[in-house]
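This is the structure, below, for whatever I ask next.
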Amino acid sequence: MGSQLTVRIPDELETQIAGLAKGMRLKRSDIVRLALERFVAESQGQDEITPYEKVRRLVGGISSGIPDLGESHRKHLMEKLKQRA
C-alpha cells in the first residue's frame, strides 16, 4: 500500500463510519478509502453519475394504487380537480 494520511474527524462521523464498517464487515480505513476514491473520481468527472443513478433506489418505491396512472393521468387529474371544486 502507499502512504499514510492522518485525519481528524468529528466523533459523530467516526461513529457513522464505524457503524458502516461493522455492517459491511470492512475496516474503518476501507470505508474512508472507498469514500475518498469516489470523491476524487467524481471531482475529476471520471465517474459520471447519471440522473437515473441518483434516484434509482427511489424508482418503484411508491405506489399510487392506480394501475393506469401513467396512461390516463389527465383523466385522473381532472377527477381530482372536480372533487376539490
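How about the range 41-53: which of its residues are surrounded by 12 or more Cβ atoms within 10 Å (Cβ to Cβ) and either in contact with a His (Cβ under 7 Å, 6 or more places away or on another chain) or of a type outside the set (A, V, I, L, M) (or both)?
Result: Glu42, Asp47.
Any chance you could count how many residues in the range 54-69 are surrounded by 10 or more Cβ atoms within 10 Å (Cβ to Cβ) and within 17 Å of the chain's Cα centre (by Cα)? Quick ask: steps written out before the conclusion?
Our first condition is that a residue be surrounded by 10 or more Cβ atoms within 10 Å (Cβ to Cβ); within the range 54-69, this holds for 55-56, 66, 69.
Filter once more, keeping what is within 17 Å of the chain's Cα centre (by Cα): 55-56.
Final tally of qualifying residues: 2.
Right, something else. Is there a residue in the range 9-16 that is within 17 Å of the chain's Cα centre (by Cα) and not in a loop (DSSP other than H, G, I, E, B)?
Yes: the range 9-16 contains one or more residues that are within 17 Å of the chain's Cα centre (by Cα) and not in a loop (DSSP other than H, G, I, E, B).
Can you name the condition, by its number, that Lys82 falls short on among (1) at pLDDT 80 or above; (2) of a type in the set (D, E, K, R); (3) surrounded by 10 or more Cβ atoms within 10 Å (Cβ to Cβ)?
(3)
From the residues in the range 25-40 that are among the aliphatic types (A, V, I, L, M) and surrounded by 13 or more Cβ atoms within 10 Å (Cβ to Cβ), which one is farthest from Ile9 (Cα to Cα)?
Taking the candidates together, the pick is Leu26.
The values are calculated or read from the model by the stated rules, or taken from the named source; none is laboratory data. Since the structure is predicted, the reported quantities are computational estimates derived from the model, not experimental observations. Using ideal geometry, Cβ is built from the backbone for each residue, glycine included, and neighbour counts are taken over all protein chains shown.
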